[in-house]
Amino acid sequence: MKLLSGLVIATCILLLAAQAHAQIARFEHIVLIIQENRTPDSLFYALCDTEPCSTKPDSTHYDIQTADWLNLNRKIQPQPVPLANTYDIEHRHSDFMDMCDFDQALNTCKMDGAGKEVCNSNIGCPRNPPFKYVDNSSGILAPYLFLATQYGWANYMFQTNQGPSFPAHQFLFGATSAPSSDDDHAGTFMSENLHTDANGCTAPPDETIQLIDANGVENPNNVIYPCTEHQTLADLLDSQGVGWRYYTPGAGDLWSAPDAIEHICQPVNQQCTGAEWNKNVALTPFYSLSDISQCKLRPVSWVIPSAQFSDHAGSNTGTGPNWVATVVNAIGNSKCTNPDGSSYWNSTAIVIVWDDWGGWYDHEPPTFLPYPEGGYQYGFRVPMVFVSAYTPSGYINNTRLDFGAIARFVEANFGVPMGSLTFADERSKHNLAEFYDLSQAPRPFVEVPGGPIPLGDYRSNKLPMLPPDDD
């Protein structure tokens, strides 16, 4: 009898253990945290203080260049600058072309033209503004460095546009910045920002946005009103009955991508009034923390920071790393469970990506795609970190990726045929599958270290909601 009882107990223990490590078939939640305007060389320079770095890709080195940055016909040594620096660098399409310094013979960028870039204001602008890396002497980057080294790092993630934030966020939400499907397939995209307080379908009636054609030409007469009509990732999710939410500091901001999609915004008197908008757009990033704590996290979330936490040059307060750590820790420490019994941590993929290069130096040239769509793709390299319980510690990926790969990841995870939008999601051949292995037992969560600002400041929800900037 004792032997039988022992066998029963042992069997129960094994069953409980099996349940504790039950494998998930897919991620129940995907959280896209979108920070602002940085490059790997500039923001993650401090990785090389303790980790192996090399400009020759392999699976054990971070591709960060720490010396001999190219400045036209000479080499320049980068200098430190605070994360909360006081100046912002121009990063329009023309600035992309300057920094690229295209070599027709080799069909690639020389990446030596950053010396032509200037600040968009002379206030506090130093000499050689793009040739700076973020000073980590205070440990301010500790959360970012922890996430990059403990989870998955993309050596070659490129923004899927050759310009600033407005088109970048359109690609991150709908895999294109084209006005329509036909425009996308013809290689015509919205290529710049609007410099107004209201963007997309909330813009003033006489406002226009610049278009770029398949040859990479911005004709000043080739402009449209910035309210577009095409399918987005959100529409694909709706068709599958998959919920989503877009957390943003305000309606009409450059970064509030759904406000430029007419059927989602449904503008009336320059206000978004659509049912989809009212249901799925949350006009403060702090609601993401509330939804996590209340076990209301939707299957797909876009989390756009307020200015203070954005990393955007000239407008952040140096608290971006803490903000990202706060969101990751909220998920990792959550006691919420899904209907199948899995925890938020064991069922969530967090993709942290920066929307564009912001004018900062980076040594890695983009890969140009075939025409017609390739006239505006790829842009410059941006950082990306993939966080999940199924991502090996210290994983370094050397696949050349763009925002289309993020779209394909969302599609594949929720049973949507990859490339269904026929935009960047179709042109990309990768879907981030290498960053995780769901057949493995989930890793236990380890708290992401905070920085010098108390994390409670974020949860108090008393700080003003400000768009990161106007570019």
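Nothing in this text is a laboratory measurement; each read-out follows from the coordinates by a stated rule. Being a predicted model, the structure only gives us computed values, none of them experimental. All Cβ positions, glycine included, derive from the backbone under ideal geometry; neighbour counts span all protein chains shown.
I need the phi-derived Karplus couplings for region 349-356: 6.51 cos²θ - 1.76 cosθ + 1.60, θ = phi - 60°, integer Hz, Gly and Pro marked x.
For region 349-356, the Karplus curve yields 10, 10, 10, 9, 9, 9, 6, 7 Hz.
Step through the table entries LYS132/LYS279; LYS56/LYS116; LYS56/LYS132, compare each Cα-Cα distance with 32 Å, and write down the pairs that go over it. Working shown, then result.
Working: LYS132/LYS279 42 Å; LYS56/LYS116 27 Å; LYS56/LYS132 22 Å.
Beyond 32 Å between Cα atoms: LYS132/LYS279.
Arrange the following residues from fewest to most other Cβ atoms within 10 Å of their Cβ: MET418, MET190.
MET418, MET190
Within a 10 angstrom radius of the beta carbon, how do LYS279, LYS56, LYS132 rank from fewest other beta carbons to most? If you can, show how the numbers build up before the last one.
On the way: LYS279 11, LYS56 6, LYS132 22.
Ordered by Cβ neighbours within 10 Å, fewest first: LYS56, LYS279, LYS132.
Considering only the chain, what is the antiparallel percent among its DSSP beta bridges, to the nearest 5?
Here the antiparallel bridges make up roughly 45 percent for the chain.
Take THR317, THR60 and order them by how many other Cβ atoms sit within 10 Å, fewest up front. Each step should come with its number before you reach the end.
Details: THR317 16, THR60 10.
Ranking THR317, THR60 by Cβ neighbours within 10 Å, fewest first, gives THR60, THR317.
At what distance in angstrom do the alpha carbon centres of region 383-419 and region 193-249 lie from each other?
24 Å
At most 14 other Cβ atoms within 10 Å and a DSSP loop assignment: could you name the GluC sites (Glu not before Pro) in region 215-312 that fit?
Filter output for region 215-312: GLU229.
Okay, helix-only estimate at 222 nm for the chain: each DSSP H run of n ≥ 4 adds -39500 (n - 2.57), divide by all residues, round to 500 deg cm²/dmol; what do you get?
Computed mean residue ellipticity for the chain: -6500 deg cm²/dmol.
Convert each backbone phi in region 108-120 into a coupling constant with the Karplus relation 6.51 cos²θ - 1.76 cosθ + 1.60 (shift: θ = phi - 60°), then list the ³J(HN,Hα) values in order as whole Hz, x for Gly and Pro.
Residue by residue, region 108-120 yields 8, 7, 6, 6, 10, x, 5, x, 7, 6, 10, 6, 7 Hz.
Taking 0.36 nm per intervening residue step and subtracting the Cα-Cα distance, what contour gain separates ASN221 from SER54 on full extension?
The span from ASN221 to SER54 would gain 55.7 nm if fully extended.
Using percent of Cα pairs over 34 Å apart as the read-out, say which of (1) 37; (2) 30; (3) 51 was calculated from these coordinates.
This structure yields the entry labelled (2).
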